[in-house]
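Encoded as structure tokens, the structure appears first; notes follow it.
The values are calculated or read from the model by the stated rules, or taken from the named source; none is laboratory data. Please read all numbers here as calculations on a predicted model, not as lab measurements. Methodologically, a virtual Cβ is constructed for each residue, glycine included, from the backbone with ideal geometry; neighbour enumeration extends over all protein chains shown. Please note that ligands, DNA and RNA were not included when accessible areas were found on the heavy atoms of the full protein model with its side chains. Shrake-Rupley method; radii C 1.70, N 1.55, O 1.52, S 1.80 Å.
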Amino acid sequence: MAGEKGMFGQGVYLAESSTKADQYTDDKSARSRKEKGMFLVRSCLGKIHLAKTANKLQRPPCFQSGCESDACEHSERQRCDSVVGDGSWIFREFVTYNHHQNYPEYLITYKRV
Ligand SMILES: [Zn+2]
């Protein structure tokens, strides 16, 4: 789980690009060629909320027309299951707010060349 500073709030962040995932394997101010690890994850995204801008969410937003809030009183059944960040960024991001939606199937170890 990311902390509250995550672009889409406190969730599990996934990427379809290994380049994007690699950016989070070490501190960007101290990149190294040491062996790194990243998970290949199967994720159940369900009904997605497409986010074009950053939004600090606590849970997936409501999909009721005109609502789209993560803090409303609509039931859990009226919420999306995940958020896809696809704005003006280079890489898309996939965010779930319940770790049970994700299955880390493989741990891939690698070195940067
Ligand atoms: Zn709502």
Would you say residue 82 is touching a Pro at 6+ places or on another chain (Cβ under 9 Å), hydroxyl-bearing (Ser, Thr, Tyr) and at negative phi? yes
Name the single residue that is surrounded by the most Cβ atoms within 10 Å (Cβ to Cβ) among those in segment 60-113 being within 16 Å of the ligand (Cβ to nearest atom) and not in a loop (DSSP other than H, G, I, E, B). 83
When you look at residue 57, is it open to solvent by 40 Å² or more (accessible area, probe 1.4 Å) and of a type in the set (A, V, I, L, M), yes or no? no
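Look through 52, 47, 28 and report the one residue that is within 16 Å of the ligand (Cβ to nearest atom) and open to solvent by 70 Å² or more (accessible area, probe 1.4 Å).
When all the criteria are applied, what remains is 47.
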